[in-house]
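The values are calculated or read from the model by the stated rules, or taken from the named source; none is laboratory data. Just so we're clear, the structure is a prediction, and the values are computed from it rather than from any experiment. Note that we place each Cβ from the backbone using ideal geometry, even for glycine, and neighbour counts take in every protein chain shown. Note: accessible area is taken over every heavy atom of the protein model, side chains too, but ligands, DNA and RNA are not part of it. Shrake-Rupley method; radii C 1.70, N 1.55, O 1.52, S 1.80 Å.
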Amino acid sequence: MSSYSFSQQFYQRWTCAPELIRSAIIQELTDITTLLQPNTSFEDFVFDTHDLDAHLDELYDNHHAEEAIAKAIADKQAADAAEALRLEEQEQIKAKKAQEKKEALEAREAEEKRKLQEQIDKQQASESASESKNNSTVEYNVKNNTTISDEADNANKETDSSDDKIDTATDNSISAITQNARTHTAIHLSLSDKRLGTDHGSLIRELETSIDDYVSEQMMLISENLKSWMRAEVTQRLAIADQVDTHKEETAQRNKEEPLDDENNKE
């Protein structure tokens with residue numbers, strides 16, 4: 001009886017063969033064993049697989065097709081995973097750039113606000129200094145006017161006192177003349193009394209003219225100071241308003257340009 005020996009690669013090939021291939025071969029061997037039994041009718045026996053080679057080829061083709069499909073699915077899944085990872089990295093990069101851009105914009109706006117606030121503070125300080133100076137000037141002028149008024153009042157009082165004295169002297173002279181007229185012939189008023197009355201009126205008119213000139217000069221000075229302060233105040237206010245409007249327009253323009261930059265980056 002001849003012996004049959006398996007090749008050294010049989011175990012490796014057998015274990016590597018698909019399960020369906022091994023099942024078909026085992027079924028074929030089982031059919032052969034059944035056919036060799038004494039009680040099996042040779043004429044009536046039918047193999048489970050009519051053509052083993054064709055059946056094995058079909059099983060191998062199906063197995064290879066399944067492997068190809070599985071490999072395609074695995075490759076697609078790997079490609080999808082790689083694409084998802086790439087898109088995630090791109091989104092992270094875009095988010096990082098957007099955050100950096102936002103931080104830079106916020107820092108720039110904060111710096112502009114700080115500079116604008118410093119400019120406003122300087123202008124307010126300048127306005128306060130100018131206003132304080134104008135107030136000091138006004139107070140000084142008012143004080144001088146008050147002093148002038150006091151001096152004018154004192155002068156008027158002194159003038160009134162002189163008038164009273166002159167009137168008293170005149171009354172005394174008239175009384176003396178009247179008394180003398182009773183006893184002597186009529187006496188005319190002396191020229192000295194008439195000259196004194198004329199000088200008195202001239203002095204009053206000179207004082208009034210001096211007061212009018214001085215008050216007019218001081219009022220003109222106060223008017224010029226107030227007009228200068230008003231012009232400076234209005235100019236500064238309008239300059240601040242123009243700067244605020246310019247800042248708003250620049251901010252709005254930057255906000256309009258940012259979406260365009262984002263769309264260009266996406267494209």
Practice item. Take the range 42-73 and flag every residue that is surrounded by 11 or more Cβ atoms within 10 Å (Cβ to Cβ) and either in contact (Cβ under 8 Å) with a residue 60 or more places away in the chain or in a helix (DSSP H, G or I) (or both). Key: L52, H55, L56, D57, E58, L59, Y60, N62, H63, H64, E66, E67
**Study point:** Residue within the range 85-101 that is open to solvent by 60 Å² or more (accessible area, probe 1.4 Å), at pLDDT 85 or above and closer than 30 Å to D242 by Cβ present
**Key:** yes
Check your understanding: If you check V234, V215, which single one turns out to be aliphatic (A, V, I, L, M), more than 23 Å from Q124 (Cα to Cα) and at pLDDT 85 or above?
Key -> V215
Practice item. Please work out which one of (1) modelled with pLDDT of 85 or more; (2) open to solvent by 70 Å² or more (accessible area, probe 1.4 Å) is the condition A110 fails and give its number. Key: (2)
Study note, to complete from the structure: Scanning the range 17-36 residue by residue, the ones that are part of a helix (DSSP H, G or I) and either farther than 10 Å from L56 by Cα or of a type in the set (G, A, S) (or both) total 13
**Study point:** Neighbours by Cβ (under 6 Å, 6+ apart or cross-chain): first from the range 25-38, modelled with pLDDT under 90; second outside any loop (DSSP other than H, G, I, E, B) and surrounded by 10 or more Cβ atoms within 10 Å (Cβ to Cβ)
**Key:** E28/L52
Revision key, fill the gap. The lone condition Q253 fails out of (1) loosely packed, with under 11 Cβ neighbours inside 10 Å; (2) at pLDDT below 60 is (2)
Check your understanding: Can you pull out the residues in the range 237-249 that are among the basic types (K, R) and either under 17 Å from K133 (Cα atoms) or modelled with pLDDT of 85 or more (or both)?
Key -> R237
